[in-house]
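Participant: I am attaching a structure below and will ask some questions about it afterwards.
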Amino acid sequence: ELQQKAEETEVLKMELQMLETERVRLSLVEEKLMDVLQLLQQLRDLNISKRALGKILLSTLESCRDPQAGKAHLFEVLDTLYHELTACELLQSQPLEKAQGRQSLANPLVISC
């Protein structure tokens, strides 16, 4: 019985470690998603055209076309989209203090469609 309890404890420790790893991964994805949403909000405030935004999205999807492991692929797509958005000329020409001032809205991540 003691051996069985020790095995159960080991299994529970492994499950806890897996859950902690998944929590960290989800936290990283959430942070990257928040960054992407903030950039999209800034671009919307700068009146980016739907065509330009579509080109950014298509470029992102094209560069991430070969799906890898599902979880890693999601982060790769978000990361690539983030870099594509930061390279946008509208954001490059936008003064930093003006862009930061717009982030002080009640909820800068609400994007109306």
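Participant: Taking the Cα atoms of segment 48-89 alone, what are Rg (to one decimal) and Dmax (as a whole number) in Å?
Facilitator: 10.8, 33
Participant: Would you check the accessible area of residue 21, probe 1.4 Å, heavy atoms only, in square angstrom rounded to 10?
Facilitator: Residue 21 exposes around 90 Å² with every protein chain in place.
Participant: Something else now. FRET efficiency for residue 55 and residue 31, Cβ-Cβ distance as r, R0 = 22 Å, nearest 0.05?
Facilitator: On the way: r = 26 Å, r/R0 = 1.16.
Calculated transfer efficiency: 0.30.
The values are calculated or read from the model by the stated rules, or taken from the named source; none is laboratory data. All values reported here derive from a predicted model rather than from experimental measurement. Virtual Cβ from ideal backbone geometry, glycine too; neighbours counted across all protein chains shown. Ligands, DNA and RNA are excluded from the accessible area calculation, which covers all protein heavy atoms including side chains. Shrake-Rupley method; radii C 1.70, N 1.55, O 1.52, S 1.80 Å.
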